[in-house]
Structure formats: C-alpha cells, structure tokens
Amino acid sequence: YRGSYRMRMYERENFGGQMYELMDDCDNIMDRYRMSNCMSCNVMDGHWLMYEHPHYRGRMMYMGPGEYRSFMNMGRSSMRFMSMRRITDSFY
C-alpha cells in the first residue's frame, strides 16, 4: 500500500467520547493524547496494526479500511490498544 494513512480513534464504543485523528504512527496514546483507552475507530485510509501496550508491544490486531464500532464485540473485551503503527511494507 502506497497511499495516505488516516484513522480516527475514539475513547468509547460507537464512536463516542474524545476523538483523535492519526495520520502517522503513535507509540503511546496516553502520552500523546492523554487517552487511557481506545474502544472504537474508523480507518479511512491505509492499513494499521494496533498494539495492546505502548511502544508497539504485546498482542496486536490488524485494522483495514472500515468502521470498527466496538472492539469488545470483536472478541477483544480484555484487550486495550495503547499504540498504533501504519503498515507500510509487505513481504508478499
């Protein structure tokens, strides 16, 4: 993928609460946005990996373009996302 990257993340389900827009990697949403959790997102452009711990550590989840209204409904009820990274390379 060689296009632009844009994602809106929300602190609550169904796009509620504070919203922040990302266009580049974020190694710690708490430090950067004072956001303790991300519960939904809208990926408008690009492909992203979301990690459960700051600095791109822990379990991760792929997010392609689309609306993700509730991470809890996706089977991620115990997982918090604390860092996000754009997927800029492919090995295929």
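Here are a few things to note about the model shown:
- Going by accessible surface with a 1.4 Å probe and the largest first, S36, S83 read S36, S83.
- Apportionment of accessible area to carbon and sulfur, the chain, percent (1.4 Å): 45
- At full extension, R57 and M72 could sit 3.4 nm farther apart than now, given 0.36 nm per residue minus the alpha carbon distance.
- Cα gyration tensor shape of the chain, rounded if a/c is under 1.5, else prolate or oblate by comparing a/b with b/c: rounded
- J(HN,Hα) series, the stretch 32-45, from Karplus relation 6.51 cos²θ - 1.76 cosθ + 1.60, nearest Hz, glycine and proline x: 7, 10, 6, 10, 8, 7, 10, 10, 7, 7, 10, 8, 8, 9
- Solvent-accessible ranking of L22, L49, largest area first, probe 1.4 Å: L49, L22
- Mean-position separation - Cα centroids, the stretch 52-70 and the stretch 1-32, in angstrom: 10
- Among M35, M74, M60, residue whose mean-square fluctuation peaks in a GNM of the chain (springs only between Cα atoms under 10 Å): M74
- Charge dipole magnitude, Cβ of K and R +1, D and E -1 - the chain, Cα centre, debye nearest 20: 140
- Amide H partners (placed H, <5 Å) of N37, local residues excluded: none
- Rolling a 1.4 Å probe across the protein heavy atoms gives the chain an accessible surface of 60 Å² per residue.
The values are calculated or read from the model by the stated rules, or taken from the named source; none is laboratory data. Please read all numbers here as calculations on a predicted model, not as lab measurements. Here Cβ is always computed from backbone atoms with ideal geometry, including for glycine, and neighbour counts include all displayed protein chains. Surface accessibility is based on the protein's heavy atoms, side chains included, excluding ligands, DNA and RNA. Shrake-Rupley method; radii C 1.70, N 1.55, O 1.52, S 1.80 Å.
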